Amino acid sequence: MEHRNAPRPVNFKRSLPARLKHDPQVIKWAQRLAGNAHMRPKDLSEEQLAFVMLEVAKRRGDELDRDLFLKTMAETTPALAAPKLERQRLAEDLELIWSQPEMRTFWDGWDGARAKRGPAPDYATGRGLAVVLGMSGVSAHADDAYAELTQNRAIWKLVERLSGGGRRIPHSYENATKQLPRLACHDRALATNVQMIRELARLHPDAGIGERLMIDGMAVPAWCAQVRAGKDEAEERARRGVCPEAGARAIIHASNGKRNVAAGERGSANTYLAKGKFWRGYYLVCIADQASGLPLVWQTMDASRDEASAIIPLMSDLARLWGEDFAPELIAGDSAWDEDNWCRMLEVEYGIHPVFRLHHADRRPDVSKHSRDGTVAAITPSGRLVCAAHRQALPMVGAETARRVDGAGDRLRPGKTSDESAFRIRAECSKGCGRLGLKMQADWSRLTYYPHHGHGAGAIQWRYAMRQAMLTRLNGMEGIWQRLQGGKKLGTDDADRTRIRRKEAHDLLIDLALLSMTAATLADVRAQRQITVSTPPRGKAAQPSTANGSTAPPSPSPKTAARMTASSPSPPSATTATTTTVNAAEASAYPGGESTRSLPVLSSEQLARARRTEPSSDRADSLLPDLMIDV
Ligand SMILES: [Zn+2]
C-alpha cells in the first residue's frame, strides 16, 4: 500500500488566496451548493473547500465569522489519509492488513457455527472467500473472488498461514459460499475495529481521534428484484422473497434534505429521475470518527425502516466497546437525525453535543411553559430566545448542561440518564431584562450547545463556526461510502450489487470491508513510524478486550506497545514481500495488470478448474438452497 499524506490545514492567520474566486472547481461547487445546501463537496483541497463554504454562507446572508470558520476548519482537518491500495499488490496489502496483531486475534477467534456432534468444520476456504469478497475489491461476484482466492497462490498461502500453517486444499466453490453466512461475526468485527481506532488515537494523541463523531447512512440494494413495496403484508412478503429483510425505499432529495416518497404519491418523472432514488434492500448506518476519517461502528437494517433510529444501538455499541474513557465532544449528521428525541438522548444519556442540520426550518414551537416566570416568549426558527418584555431576539451567552455524576458523586456511565431539566440555553437582553434562560427540553433540536446561529459573544460565534465546519466535514462520510463502493465494490447498484441473498453473509462482507479500512490505516501508520508488529503464535493471541481479566479497554496498554515494538527488526512490508512472488501462470490471470482498475478476467476453463479443486464427495451436501449465489 502506498502512504498518502494527510491534507494540509488552511492557514487561518492569512486570508485565502484571491485566485480561488476564479477557480473552476470552486465556482462549480458554489453553484451546486446554492441549489442544494445538503450536497457534500468532494475532490477539493482544504483551501478550496473553505472558500466554497464561505461563498455559500455569504450568498445565504449568513452571520458566519470568516476567521473563526477558517480556524475551526483548520482544527478539524483530518489527521490521517487512507493509504492507497493497489490491485497488483493485492496479496501484499492483505498480508499487511492481516499481520496487525488485532486482526490476527480477530482471525483466530473467527469460527463458524458448528454442529453439536462431529469434527469442527474447516472454515478456511469460507473465510478466505469472505476476505477476498469483502476486502479486496476484486469483484462483486463470488465466483471471481473464489477464482482469485484459489488461483492467486499468494492469497491462498496467506489463508493457510492465518489458519495455522500447513498446506490445505481449498473446498469447493459451493461449500465456501455455503460457509459465508455461518461466519457472520458482527460484534467481533466492531470490537476489533474500535480497538484499532483506539490504538490510532494512542499513536496520535493530539489528532482529536475519538472526539468528533459523524453519523450517516448509505443505501445497499439487495440481490432481489428491485420492486416497490407490496400493497399489503402478503404482497410485500412475496416481493421480499428470498431476502426477507430487504425492504423497499423511495426517497427524494429536496432542498431541505431528503424525504420519503409516500405510496401512491404523484409527481413529475423528471424530479424523480434527477433527485430520487429507489432501492429494495438495506440501509447501512455508520458512526465514524471525523479526525481519522474511519468507520467506528455500523449496522445494516431493512431499508423501509427509519434509519435514524439506528443511532440508539450504535451509540450503545460504541460506548460499550470504547470503554470507560468514552467522552466524545460532539456528533454531526444530516437532518435525518435532527429530531428532539435523538438530540435529547445524546445530551442527557451521553453528554455529547448534537450537531445536526436543521430539519424543520420553519417550525416555531410553543416554549412558554418551559420558561420560568414567562420571561422568554418564544424562540426563533434558529433557536434564539425572544424576550417577552421587548419582543426581541437575543444574543446567546451560553449553555448549561447537567454534570454527569450520580447522587453519590460517582461519574455516570455512558448511557445513564442525567438530570434533563438542568440543560439550559442562556441569553441576555440589553434593554434591562438581564440574563434569561430556557430549558433545552422546550426544543432539543433548536436549543443546542452548538447553536444554529452566530448571534452572541466570541465563544458563541466560535461554536457556530464549529457547527458549520463539522457539517462541512460530513463529506468524510462520503469518503467512506466511496471507498466501500468504488474500492470494495460493495453497496453498489444494479447488476454490480453483491449477489448474495442471506443478509448475514452480506453483513459479513460489509464488516470486513469497513474493518479493512481501519486495519490498512493502522498498518500504514505503524509502517510510517517503523513500529514493527510481531505476531503472537496461533492460540496464544491476546484477547482483544479482557487482557487482565478486567473489562478495561485493551489497546493503549504499555504491554501491547512493548509487544509491538519488540523483536522483529524488519518492517512488515519486508517480511511480506517474499510471500507475494507471483509465478508466470498466476500472472497470466491478470491481463493488463498494470492498471489498478483492471479486474482479473479468467477464462471459462480457468473458472471451471478453480471450482473443481475439491473432491466431488463434498458436492452433495453443499447444494443448499438457502444461500444462492447467482453465477
Ligand atoms: Zn428584554
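The values are calculated or read from the model by the stated rules, or taken from the named source; none is laboratory data. It should be emphasised that the depicted structure is a prediction, and the values quoted were computed from it without experimental measurement. A quick note on method: Cβ atoms are made from the backbone with ideal geometry, for glycine too, and the neighbour counts reach across all protein chains shown.
Data table
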quantity	calculated
Some residue of the range 301-311 being assigned to a strand (DSSP E or B) and either without any contact (Cβ under 8 Å) to a residue 12 or more places away in the chain or more than 28 Å from Glu400 (Cβ to Cβ) (or both)	yes
Cβ pairs under 9 Å, 6+ apart, first in the range 205-228 and more than 16 Å from Trp337 (Cα to Cα), second of a type in the set (Val, Ile, Thr) and surrounded by fewer than 20 Cβ atoms within 10 Å (Cβ to Cβ)	Ala219/Ile251; Val220/Thr492; Pro221/Thr492; Trp223/Val242; Cys224/Val242
Residue check, Ala465 of a type outside the set (S, T, N, Q), in contact (Cβ under 8 Å) with a residue 12 or more places away in the chain, touching a Gly at 6+ places or on another chain (Cβ under 9 Å) and surrounded by fewer than 19 Cβ atoms within 10 Å (Cβ to Cβ)	no
Qualifying residue in the range 405-415 (condition: in contact with a Ser or Thr (Cβ under 9 Å, 6 or more places away or on another chain) and under 25 Å from Ala457 (Cα atoms))	no
Residue satisfying all of: in the range 196-224; closer than 30 Å to Glu245 by Cα and touching a Ser or Thr at 6+ places or on another chain (Cβ under 9 Å); surrounded by the most Cβ atoms within 10 Å (Cβ to Cβ) among these	Ala222
Some residue of the range 225-241 being at pLDDT below 85, crowded, with 18+ Cβ neighbours inside 10 Å and on the phi < 0 side of the Ramachandran plot	yes
Among residues of the range 400-459, those that are closer than 25 Å to Arg364 by Cβ, more than 16 Å from the ligand (Cβ to nearest atom) and either in contact with a Cys (Cβ under 7 Å, 6 or more places away or on another chain) or outside any helix (DSSP H, G or I) (or both), counted	17
Every pair of residues 6+ apart whose Cβ atoms lie under 8 Å, when the first sits in the range 99-121 and is over 24 Å from Glu199 (Cβ atoms) and small (Gly, Ala, Ser) while the second is modelled with pLDDT under 90 and assigned to a loop (DSSP other than H, G, I, E, B)	Gly112/Pro121; Ala115/Pro121; Ala120/Asp111; Ala120/Arg114
Contacts under 6 angstrom Cβ, first residue in the range 148-162 being without any contact (Cβ under 8 Å) to a residue 60 or more places away in the chain, partner assigned to a helix (DSSP H, G or I), 6 or more apart	Leu149/Gly128; Leu149/Leu129; Leu149/Val132; Leu149/Ile155; Val159/Ala124; Val159/Gly128
Unique match (being away from the ligand (no atom under 16 Å from the Cβ) and either hydroxyl-bearing (Ser, Thr, Tyr) or out of contact with any Gly (no Cβ under 8 Å at 6 or more places or on another chain) (or both)) among Asp493, Asp511	Asp493
Some residue of the range 19-36 being part of a loop (DSSP other than H, G, I, E, B), small (Gly, Ala, Ser) and touching a residue at least 40 places away in the same chain (Cβ under 8 Å)	no
Residue in the range 383-392 that is nearest to the ligand (Cβ to nearest atom), counting only those that are among the small types (Gly, Ala, Ser) and surrounded by 16 or more Cβ atoms within 10 Å (Cβ to Cβ)	Ala388
Count of the range 163-188 residues which are surrounded by fewer than 24 Cβ atoms within 10 Å (Cβ to Cβ) and among the aliphatic types (A, V, I, L, M)	3
Output for the range 318-349, where each listed residue is under 18 Å from Ile209 (Cβ atoms) and modelled with pLDDT of 95 or more	Leu318, Ala319, Leu321, Trp322, Pro328, Glu329, Leu330, Ile331, Ala332
Some residue of the range 334-355 being of a type outside the set (D, E, K, R), within 16 Å of the ligand (Cβ to nearest atom) and buried (at least 19 other Cβ atoms within 10 Å of the Cβ)	no
Selection status of Ala505, within 18 Å of Ala303 (Cβ to Cβ) and over 14 Å from the mean Cα position of the chain (by Cα)	yes
Extreme residue, surrounded by the most Cβ atoms within 10 Å (Cβ to Cβ), among residues of the range 244-281 that are modelled with pLDDT of 80 or more and over 20 Å from Ala336 (Cβ atoms)	Ala246
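Condition check ((1) away from the ligand (no atom under 16 Å from the Cβ); (2) in a strand (DSSP E or B); (3) modelled with pLDDT under 95) across all residues:
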residue: Met315; (1), (2), (3): yes, no, no
residue: Asp362; (1), (2), (3): yes, no, yes
residue: Asp373; (1), (2), (3): no, no, yes
residue: Pro381; (1), (2), (3): yes, no, yes
